[in-house]
Amino acid sequence: MHHETLDQAARGILRDNDRGRYTVPTAMLYPFQWNWDSAFAAWGFSRFDVERAWTELETLMAAQWPNGMVPHMIFHEPAPGYFPGPEVWGVGNQPPTSGITQPPVVATMARAVLMADPDRGRPRIAGLFDGLLRWHRWFMDARVERGMVAVTHPWETGRDNAPDWDLAMQAVDTSGVGSYQRRDLQQVDAGQRPKKAEYDRYLAMVGFGRDCGWDEATIRDRGPFRVADVGMSFILLRACRDLAVLAQEVGKPTREIEDWIRALTEGAEGHWNPDGGYYDSVDLRSGAFTGSLSNASFLNWYAGIENPGMLAHLHRIADEVRFMLPSLDPAHPEFDPLRYWRGPVWAILNALAGLGLAEMGHGAEAARLRRDAQALIAASGFAEYFSPRDGTPAGGGHFTWTAAVWLAWASPQAEGRF
Ligand code: GLC
C-alpha cells in the first residue's frame, strides 16, 4: 500500500478515537484516557493538528494529583462493565483516576510537539511546564531508589505482563481478591492476554494501594511489590533531558533537573546484569535481577547511554526474528510471540529505541527497527502489537499509538526523527 494511503488511515484512526479533549487507545477494549498512550497520541496529532496535540497533553496533566503524580488512567466517561473501574481503584478525584502512574514520556513528546510548531507551542508549554516538573520531582522523591525508578504495580511500567515481574509477583497474596469478570477476554483471545493467576495478583496490588489510601510511604514500606523497572528508569532519564530543554524554552532554572539527570545516569548502572550482560529490572525487595532482556532493555540509547554489549544483543536478536523489536529475547524460556509483553513487537517501543539508536549514531540498526514497523503496519494494519515471527496482528485493532507512531516516526514522510 502506498504510504499516503496509510498516512490518511492513521489520521482517520486518531480522529475516530478522539473524544474531544482526549483520545482513547482503541474504542472497545480501552474506553478511557491512558497516560503514555496520550503522549504518543499528541506526537501523532502534532503532524497534522498541533492545537489538538496540546489539548491532549493538557487534559492529561489536568488529572495530576496534589502530590505531583500523574495517573495512568483517567475515567472521563462511565463505561459500565469495564474492569477494574473507578470503584476498584477507590480514588475520590473528579474525574476518577487510577492510583498508579505510567512511563513518563510526556516531557519528551511535549518537546516533539513544540518542535513541530514552536510559535504556537510556546504559550502551551509554558502552561504545562510546572506540572511536568512536579511530576518528575514526585518520581525522584517517592520512587527513585539507588538512582533507579521503583514501580509498585506492573501496570505502571506499561509492560503489564512482562516476565520482569514474574518472580516478584509470586509473593503477592491473592486470598482477598474474590471473584470478578474481566472485560479484556470478551474481546481478545485469551492466548494473547495475561493469565488468571497474574490477574489475581494485579488486583491484590490494587487492593493494597486502595486500602492504604494510596499513601506512598505505606506502599514503599509494606507494599507487596517493588521492582526497579529498567524501562521506567531509562524513560525518566530521557524525559529529564527533554525537560531541561523545555525549562530553557520557558526561562526556568535547570539546576534541579541536571541533578536528576546525574542521579539517574549513575543509577542506570544498577540495572546492568553482569551475568546476562544486559540492562535488566531489579526486584528491590530481594535485590535480585529479574533475568529479562526485553525491548525496554534497549532504551539505553534513548536515555543517552552507549553500550556495546547491548548492541551485540540487538544484532543477535535481529538475526533471529523476522520483525524487530520483540518485547522479549527469543532465547528466553518464556518467549511467546503472541502473548502481549512476552514476545510481540510493539511499534511504540520500536520508535523509542529507534530514536535513541539514530541519535547515537547507529543508523543501520535504527533503520531496521523502522523498516520492520513499516512492514508490519503496511501488511497487517494499525494493530496493538504483532508477532515478531510472522507479523500476525494481535490484541486490539484501530489502535491510537500505532497510528500515532506511524505518522510521527515510521511513515516515509516522517523521516524517523523527532
Ligand atoms: C495495556 C498496555 C499499556 C497501555 C494500555 C492502553 O495495558 O500494556 O501499556 O497503556 O494497554 O493501551
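Just so it is clear, none of the values below were taken in a lab; they were calculated from the coordinates. Please read all numbers here as calculations on a predicted model, not as lab measurements. Positions of Cβ are generated from backbone atoms using ideal geometry, with glycine treated the same way; all protein chains shown enter the neighbour counts.
Where does the charge balance sit around Ala318 when Lys and Arg score +1, Asp and Glu -1, over other residues with C-beta under 14 Å from its C-beta? For residues surrounding Ala318, the net value is +1. Taking Glu145, Glu359, Glu77 as the candidate residues, the one with maximal mean-square fluctuation in a Gaussian network model of the chain, Cα springs under 10 Å, is Glu77. If a/c stays under 1.5 just call it rounded; otherwise compare a/b with b/c (prolate if a/b is bigger, oblate if not). Do that for the chain, with a ≥ b ≥ c from the square roots of the Cα gyration tensor eigenvalues. Rounded, because the longest to shortest axis ratio a/c is under 1.5. Here's how it looks for Thr97: its modeled amide H is under 5 Å from those of Phe75, Val91, which are all 5 or more places away or on a different chain.
Normalised by the number of residues in the chain, the mean separation of alpha-carbon contacts (under 8 Å, six or more apart) gives a relative contact order of 18 percent. Database remark: amide H of Leu328 closer than 5 angstrom to the amide H of Asn295, Gly343 (H placed geometrically; neighbours at sequence offset of 5 or more, or on other chains; Pro and chain starts carry no H). Protection proxy ranking of 391-401, 118-128, by the mean of other Cβ atoms within 10 Å over each peptide's residues and highest first, is 391-401, 118-128. A dipole drawn for the range 117-223 from +1 and -1 charges on Cβ atoms has a positive end, and of Gly127, Thr218, Asn161 the residue lying farthest that way is Gly127. For Asn273, the residues 5 or more places off, or on other chains, whose built amide H falls under 5 Å of its own are Tyr278, Tyr279, Asp280. Taking 7 Å steps out from each Cα toward its Cβ at Ala364 and Asp166 produces label points 3.3 nm apart. Considering only Gln181, Trp341, Leu114, and ranking their Cα positions along the charge dipole of the chain that arises from unit charges at the beta-carbon of Lys, Arg, Asp and Glu, the one farthest toward the positive end is Leu114. Assuming charge only on the beta carbon of Lys and Arg (+1) and of Asp and Glu (-1), the dipole of the chain about its Cα centre is about 420 debye to the nearest 20.
By the combined test of axial Cα extent (at least 24 Å) and Kyte-Doolittle hydropathy (mean at least 0.0), the qualifying DSSP H helices of the chain come to 230-249. Among bridges DSSP assigns within the range 3-410, what percent are antiparallel (round to 5)? So the antiparallel bridges amount to about 100 percent of the total. Taking a ≥ b ≥ c as the square roots of the eigenvalues of the Cα gyration tensor of the range 302-388, is the shape rounded (a/c under 1.5), prolate (a/b larger than b/c) or oblate? It is oblate, given that a/c is not under 1.5 and a/b is not larger than b/c.
Using just its DSSP H runs of length 4 or more, each adding -39500 (n - 2.57), the chain gives a mean residue ellipticity at 222 nm of -14000 deg cm²/dmol after division by all residues.
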